[in-house]
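These notes concern the structure reproduced below.
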Amino acid sequence: MSFKSNLHMHSFFSDGKSSAEEYAAEAERQGYVSIGLSEHSFTDFDDSFCMSRENREKYFAAMPSLKEKYAGKLEIYMGTEFDVFSDVKAEELEKYDYVIGACHYVDVGGEKRGVDHLESVAAETIEKYFGGDAYAYCKKYFYSLERLADISEVDIIAHFDLVAKFNEGDKYFSENHPRYVMPALVALERLSAAGKIIEVNTGAISRGYRTVPYPCELFLSSLYEMGGKITFSSDAHKTENMGYGFDGAIKLAKDCGFKSAYMLKGGRFEEVEI
């Protein structure tokens, strides 16, 4: 594997199944340059997978000593996965080494419905709130996602086309249909123009939902044409998935034209050859 960094991982501090120490030990064993934990920021309407306020304080307290323990061997960064609907304020985001921006919901008029929690929830949302129009549902998602372009603290965009998580084989909509593609490209262009790094995310592959990373080849090729920037992540929730599918993701990125990606080194995002 030619990309030895992963900034999208979750530990016991939110909904992960491994400890921060276990990730660090495995990363050192595999010769990583840098890793980061990206614990989910809390929202005022969903605590099913987010880091609690109590755990956030534990996270802030634990990470400095872990960084010191691995100093000179592995760079460890303290990040967060910030949802566009989170009630975390900008000044709180500044406490992290980096911020991954994401959208896990669609707003259906006062209620936030998860797009990736359960397939049954996504299917019900399309039918009940969008009259069966999956393309309107997807447009709503991409419209919310692109708002991350205006949040300067956000460095990376997570799982760009997450709304397609349960759509393998075009189960609910065609991923080549203009009504799906056009809103996505508008969001992608806006995020890219704002300088956001788009992650090539293999998490849904490791969990058996998809056979290709986020974003799909069409969007990844479009991002290259836009002059966009990428990184690679496995969205790991346990150490076994730390670099899951990276070789395939790197090959896909190269096939789309990319020759480099970004990783955190020395406290800054650095472009490296892939």
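The values are calculated or read from the model by the stated rules, or taken from the named source; none is laboratory data. In this text the structure is predicted, and so the values were computed from the model without any measurement. No Cβ is skipped: glycine too gets one built from the backbone with ideal geometry, and neighbour counts run over all protein chains shown. The area values use the complete protein model at the heavy-atom level, side chains included, leaving out ligands, DNA and RNA. Shrake-Rupley method; radii C 1.70, N 1.55, O 1.52, S 1.80 Å.
In segment 1-46, how many residues are polar (S, T, N, Q) and closer than 15 Å to residue 80 by Cα? Explain how you work it out, then say what you get.
Taking segment 1-46 as the starting set, the residues that turn out to be polar (S, T, N, Q) are 2, 5-6, 11, 14, 18-19, 30, 34, 38, 41, 43.
Cutting the leftovers down to closer than 15 Å to residue 80 by Cα gives us 6, 11, 14, 38, 41, 43.
Counting residues in segment 1-46 that are polar (S, T, N, Q) and closer than 15 Å to residue 80 by Cα gives 6.
Among the residues of segment 50-59, is any free of Cβ contacts under 8 Å to residues at least 12 places away in the same chain, among the small types (Gly, Ala, Ser) and either open to solvent by 30 Å² or more (accessible area, probe 1.4 Å) or not in a helix (DSSP H, G or I) (or both)?
Yes: one or more hits.
Considering segment 166-219 alone, what residues qualify as being farther than 20 Å from residue 238 by Cβ and of a type in the set (Ser, Thr, Tyr)?
172, 174, 180, 192, 211 - these are the residues of segment 166-219 that are farther than 20 Å from residue 238 by Cβ and of a type in the set (Ser, Thr, Tyr).
Here is a check on your reading of the model: is residue 205 closer than 27 Å to residue 23 by Cβ, open to solvent by 30 Å² or more (accessible area, probe 1.4 Å) and modelled with pLDDT of 95 or more? First the steps, then the outcome.
Numbers: closer than 27 Å to residue 23 by Cβ: yes; open to solvent by 30 Å² or more (accessible area, probe 1.4 Å): yes; modelled with pLDDT of 95 or more: yes.
So residue 205 fits the description; yes.
Which residues, taken from segment 39-84, are at pLDDT 95 or above and hydroxyl-bearing (Ser, Thr, Tyr)?
65, 70, 77, 80
Taking residue 128 as the residue in question, decide whether it is touching a strand residue (DSSP E or B) at 6+ places or on another chain (Cβ under 6 Å), open to solvent by 30 Å² or more (accessible area, probe 1.4 Å) and modelled with pLDDT of 95 or more. Before you say what the answer is, go through the steps one by one.
Numbers: touching a strand residue (DSSP E or B) at 6+ places or on another chain (Cβ under 6 Å): no; open to solvent by 30 Å² or more (accessible area, probe 1.4 Å): yes; modelled with pLDDT of 95 or more: yes.
No; evaluated as a whole, the condition is false for this residue.
Yes or no, residue by residue, for (1) open to solvent by less than 10 Å² (accessible area, probe 1.4 Å); (2) at pLDDT 95 or above; (3) touching a Ser or Thr at 6+ places or on another chain (Cβ under 9 Å):
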{"site": "156", "(1), (2), (3)": "yes, yes, yes"}
{"site": "160", "(1), (2), (3)": "yes, yes, no"}
{"site": "164", "(1), (2), (3)": "yes, yes, no"}
{"site": "168", "(1), (2), (3)": "no, yes, yes"}
{"site": "186", "(1), (2), (3)": "no, yes, no"}
{"site": "189", "(1), (2), (3)": "no, yes, yes"}
{"site": "195", "(1), (2), (3)": "no, yes, no"}
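Is it the case that some residue within segment 105-116 is within 24 Å of residue 78 (Cβ to Cβ), open to solvent by less than 50 Å² (accessible area, probe 1.4 Å), outside any loop (DSSP other than H, G, I, E, B) and charged (D, E, K, R)?
Checked against the condition, which is being within 24 Å of residue 78 (Cβ to Cβ), open to solvent by less than 50 Å² (accessible area, probe 1.4 Å), outside any loop (DSSP other than H, G, I, E, B) and charged (D, E, K, R), segment 105-116 yields no hits at all.
Among the numbered criteria (1) modelled with pLDDT of 95 or more; (2) open to solvent by 40 Å² or more (accessible area, probe 1.4 Å), which single criterion is violated by residue 145?
Evaluating residue 145 over (1) modelled with pLDDT of 95 or more; (2) open to solvent by 40 Å² or more (accessible area, probe 1.4 Å) leaves (2) as the failure.
State all residues of segment 233-267 that are without any contact (Cβ under 8 Å) to a residue 40 or more places away in the chain and either in a loop (DSSP other than H, G, I, E, B) or farther than 21 Å from residue 28 by Cβ (or both); if no residue qualifies, say none.
Here is the first cut: in segment 233-267, the ones without any contact (Cβ under 8 Å) to a residue 40 or more places away in the chain are 240-241, 251, 254-260.
251, 254, 255, 256, 257, 258, 259, 260, listed by residue number.
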